[in-house]
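Below: the structure, in structure tokens.
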Amino acid sequence: MIFSRRSLLMLTGGMVAENLHINPALEQYLDGSYNYDFAQGPDVVRNRDDALRNGINCVSLAHLALRDLFGCELPPKLMCAEMYCDRDYFAPVESFLAMREGDLVWFGIANPTIPTDEFEFRYEGGNLANWADFPVKHVAIYTGVTDSEGNHVLLHSTFREGNTLWPLARFNRYRRYEKLYGITRLIVDQPAIR
């Protein structure tokens with residue numbers, strides 16, 4: 001793993017500042033020029049220029065980060081629900097102790113009306129029509145770094161702060177992220193999808 005020599009200042013929960021060394025493939029997305037836009041998923045954001053011009057959401061950030069880390073361009077149809085459930089490109093990671101740089105960490109609401117294992121995908125015009133009912137609402141990318149308190153540091157995109165780093169412990173403070181649903185890892189021997 002190659003890390004930038006440049007120190008990166010990160011605010012953990014707005015309270016403690018510390019220097020972290022983040023892989024440049026991930027660090028580039030902390031540029032303040034990226035603006036969060038919920039509508040800018042991987043179906044429309046196919047590269048960094050698209051993201052800089054039109055905005056980015058958490059799923060398109062995950063697509064771009066995985067491409068830059070591992071050279072695998074995922075199909076644009078893998079939106080949040082589809083990517084969370086996908087086992088062609090992703091394998092489950094059983095514990096935090098087994099996490100590696102680039103693993104995806106999935107968050108959602110704590111008390112969903114429909115559990116993930118009972119959710120039925122319903123498409124209209126090629127788009128998931130009932131996406132709002134899916135309990136998993138957010139994805140973040142593990143940076144491979146922990147802070148001084150042992151918290152895993154995650155890169156994600158949020159309407160609150162744009163692309164940012166948060167310690168894992170901060171996510172459960174927000175309803176949309178209060179439950180951790182799982183961790184997945186890209187199966188790196190996948191052919192590039194162009």
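The values are calculated or read from the model by the stated rules, or taken from the named source; none is laboratory data. Note that the coordinates shown come from a computational prediction; the quantities given were computed from them, not determined experimentally. Here Cβ is always computed from backbone atoms with ideal geometry, including for glycine, and neighbour counts include all displayed protein chains. Side chains are part of the model used for accessible areas, which takes the heavy atoms of the whole protein and leaves out ligands, DNA and RNA. Shrake-Rupley method; radii C 1.70, N 1.55, O 1.52, S 1.80 Å.
Computed over protein heavy atoms with a 1.4 Å probe, the accessible surface of the chain works out to 51 Å² per residue. Surface composition of the chain: carbon plus sulfur atoms hold 49% of the accessible area, using a 1.4 angstrom probe and ignoring ligands, DNA and RNA. Helix 58-70 and the longest principal axis of the C-alpha atoms of the chain enclose an angle of approximately 60°.
Our note on the geometry: Cα centres of segment 45-102 and segment 149-175, 16 Å apart. Applying both filters, DSSP loop and at most 12 other Cβ atoms within 10 Å, to the GluC sites (Glu not before Pro) of segment 17-114 gives GLU94. Charging the Cβ of each Asp and Glu at -1 and of each Lys and Arg at +1, and nothing else, the dipole of the chain about its Cα centre rounds to 340 debye.
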